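The values are calculated or read from the model by the stated rules, or taken from the named source; none is laboratory data. What you see is a predicted model; the values in this text were computed from it and never measured. All Cβ positions, glycine included, derive from the backbone under ideal geometry; neighbour counts span all protein chains shown.
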Amino acid sequence: MKFKKTYSFAFWCSLIISLFSSVLLFSLSKIFNQKLEVLFLLSFPLIIFVFSIIVIQIRVERFIYRRVKQIYDEVSLLNADDLKKATITTNMETLSKEVKKFAEKKQIEITSLNARETYRREFLGNVSHELKTPLFTVQGYLLTLIDGASDNKQIREKYLNRANKGVERLVSIVKDLDLISKLESNEVAINIQQFNIVELIQDVFDLLEIRAKKSGNTLCFNKKYDIPIFVKADEERIEQVLINLVMNSIKYGKKNGITTVSIEPHGIQKILIKITDEGEGIKKEHLGRLFERFYRVDQSRSREQGGSGLGLSIVKHIIEAHDESIFVKSNYGIGSEFSFTLKKV
């Protein structure tokens, strides 16, 4: 017959006290004579009382600790090593609070793990889709050429050029993924130097001028900057950030719209660079995920515009590698504003 744990606990406590009392009584009866009978009667209950407190306290602490540890062991997500004996108390209210606090901490960890798992699944699905599209495109053109279309010079050149574009897109995706991986693992060295941010923005405008004109877009500053503004950063990486943000404003901005770049003070030691467009804007539910890898607000339109889908993720990683911040504001139907901070000289 299996007794309840509390009965077993009471049995062993009683047995220990009884054995101790018997031994003590026998010993005292030998030591004390009749003349010391009063002293014997007074000392015996006191000794039993003190001993009982010690035994019960130690037994209760061990009993509670074993029971709680067993609960931790039975739940695979909990680690019994986190349960220190020193924190166990006979006060059940305190014990309950400790266990509740521990459970809440583990629940947060579980929620975080579930979120990461969801993100992992979405990321793998997006990678698969992004790679699959150009791969199938290239495969289709090559198979067509193998089947006999290569005999026609005009078709051969046309299909080879299209296949090459598909390969270029694959290379672009792989390069961007490699760059993000290196940025996350701090393998990319950030070469901090002083440079004129106004001049760099103008260079980006000149680089993208032809692309902007095709869409009827105008690239400009919010005002004339006659005085150079020097910052401390990696010039090459910041140029990449500006190219990605300005390119996005051209791709998704309004036709014949304006992309405006402004430079504003941000506290005492920093400046804020803003890139504003007159596009259709971004809905609020998308703002929190814009910088995720391969996340696209409008799947069909984004793929029509091309690109790897990693531009904003790269921008975020580069800015964070500088220990700076990036922000986004958008009013749907009006336009968007991307901004980031840099240390000024």
- Subset of the stretch 331-345 that is part of a strand (DSSP E or B), out of contact with any Asp or Glu (no Cβ under 7 Å at 6 or more places or on another chain) and not acidic (Asp, Glu) - its residue that is nearest to Leu312 (Cα to Cα): Phe338
- Query: Before we move on, is Glu304 closer than 14 Å to Phe338 by Cα, among the charged types (D, E, K, R) and either touching a Lys or Arg at 6+ places or on another chain (Cβ under 7 Å) or modelled with pLDDT under 70 (or both)?
  - Reply: no
